[in-house]
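The values are calculated or read from the model by the stated rules, or taken from the named source; none is laboratory data. Quantities reported herein were computed from a predicted structural model and do not represent experimental measurements. So basically every Cβ, Gly included, is an ideal-geometry build from the backbone, and we count neighbours across all protein chains shown. All accessible areas refer to the heavy atoms of the entire protein, side chains included, with ligands and DNA or RNA removed. Shrake-Rupley method; radii C 1.70, N 1.55, O 1.52, S 1.80 Å.
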Amino acid sequence: ALHHNNKEIGAKLLLVLWRTWFVRNELTHSPRQLAIQNSVRFLTDYWETLAGWAKINVDDAFMERTGKGGIGVIIGYDSGGIVLTTWKVLFNASNAKEVEALA
């Protein structure tokens, strides 16, 4: 388990997990092939730009009537600048807990 005071390791782990999810989505939903070197370069470059700290906010929404949901993510610098934003629309979600778990 990660020690709760080691924020740098936790932040790096989150970045690696996010990149892993991105690569998984690309391999699942896109004909594009990704090389491991691209992920290493991406993670190294992004970590260097996050010299201070970064905050990751995730939010979700669900409409029970339609089964539609949405997930939004924003990563920001400690200085207030934005690193990245992304979102995804979900169709045929079972309930709000499912959408929250996916977020």
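When the GluC sites (Glu not before Pro) in region 9-103 are filtered for DSSP coil states and for at most 13 other beta-carbon atoms within 10 Å of their beta-carbon, the remaining sites are Glu64.
For the chain, the longest principal axis of the alpha carbon atoms and the long axis of helix 36-49 meet at an angle near 70°. Label-to-label distance, Ile9 versus Asn95, with points set 7 angstrom from Cα along the beta-carbon direction: 3.6 nm.
Mind pulling the per residue volume of the convex hull built on the Cα atoms of region 15-65? Å³ is fine.
Hull volume normalised by residue count: 99 Å³.
Restricting to Cα pairs below 8 Å that are 6+ residues apart, what does the relative contact order work out to for the chain? Please round to a whole percent. Don't skip to the end; give the middle numbers.
Values: 119 pairs, mean separation 20.0, N = 103.
Relative contact order, the chain: 19 percent.
The longest stretch of the chain left intact once loop-based chymotrypsin sites (Phe, Trp or Tyr not before Pro) with at most 15 other Cβ atoms within 10 Å are removed from consideration, loops following DSSP, is 1-52. Net charge in the neighbourhood of Ala96 (other residues with Cβ under 9 Å of its Cβ; Lys, Arg +1, Asp, Glu -1) is -3. Along the chain, the exposed loop sites are trypsin sites (Lys or Arg not before Pro) outside DSSP states H, G, I, E and B with at most 15 other Cβ atoms within 10 Å, and the longest stretch free of them is 66-103.
For the chain, find the longest principal axis of its Cα atoms and tell me its angle to the long axis of helix 7-29, 0 to 90°, nearest 10. Helix 7-29 sits at roughly 50 degrees to that axis. Springs join every pair of Cα atoms under 10 Å in this Gaussian network model of the chain, and among Ile75, Ile56, Ile36 the largest mean-square fluctuation is at Ile36.
Hey, any idea what Rg/Rh is for the chain, computing Rh the Kirkwood way over Cα pairs?
Numbers: Rg = 15.7 Å, Rh = 15.5 Å.
Reported Rg/Rh (Cα atoms, Kirkwood Rh): 1.01.
Under a 1.4 Å probe, what is the accessible area of the chain per residue, stated in Å²? Per residue, the chain has an accessible area of 76 Å². Highest mobility in the GNM of the chain, judged by mean-square fluctuation with C-alpha springs under 10 Å and restricted to Leu90, Leu14, Leu43, is found for Leu90.
The share of accessible area on the chain that comes from carbon and sulfur is 57 percent, using a 1.4 angstrom probe.
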